[in-house]
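The values are calculated or read from the model by the stated rules, or taken from the named source; none is laboratory data. The model shown is predicted, which means the values in this text are computed figures rather than measured ones. Counting neighbours? That spans all protein chains shown, and the Cβs are built from the backbone with ideal geometry, glycine included. Just so you know, the surface numbers come from the protein's heavy atoms only, side chains and all, with ligands and any DNA or RNA stripped out. Shrake-Rupley method; radii C 1.70, N 1.55, O 1.52, S 1.80 Å.
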Amino acid sequence: MAVRADGRLADSPMRPVRCDACGGQVEVRKSSWEQTSIQWHADSLRACAERRAARPGSGPNGEFFNGCTALRDSVRAAATRGEIPIQVED
């Protein structure tokens, strides 16, 4: 069976978004209002207070981290302003 090429990033590349709370910048792609893909960078990992406060556990990098509420709000605001395209709008 042949593997089908994934053209989603070619059709809609990730866009930079800066968190209004900490100033950390991530790359974001929204498939829908409910689904967001985020690529964290080393500087944004260090800047995010919520990520730094994640309690030790068995998750990636040894921490439990369900996401940053400040970054979520910044991404949603950017999408509302039209800075991040929504691939499938409801």
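Remark: the residue 80-residue 31 segment gains 16.3 nm on full extension, using 0.36 nm per residue and subtracting the alpha carbon distance. Using a 1.4 Å probe on the protein heavy atoms only, what accessible surface does residue 36 show? Give it in Å² to the nearest 10. The accessible area of residue 36 comes to roughly 50 Å². Multiplying the residue separation of residue 14 and residue 72 by 0.36 nm and removing their Cα-Cα distance gives an extension gain of 19.3 nm.
Note on residue 43/residue 2: beta-carbon distance plugged into 1/(1 + (r/R0)^6) with R0 of 41 Å gives a FRET efficiency of 0.60.
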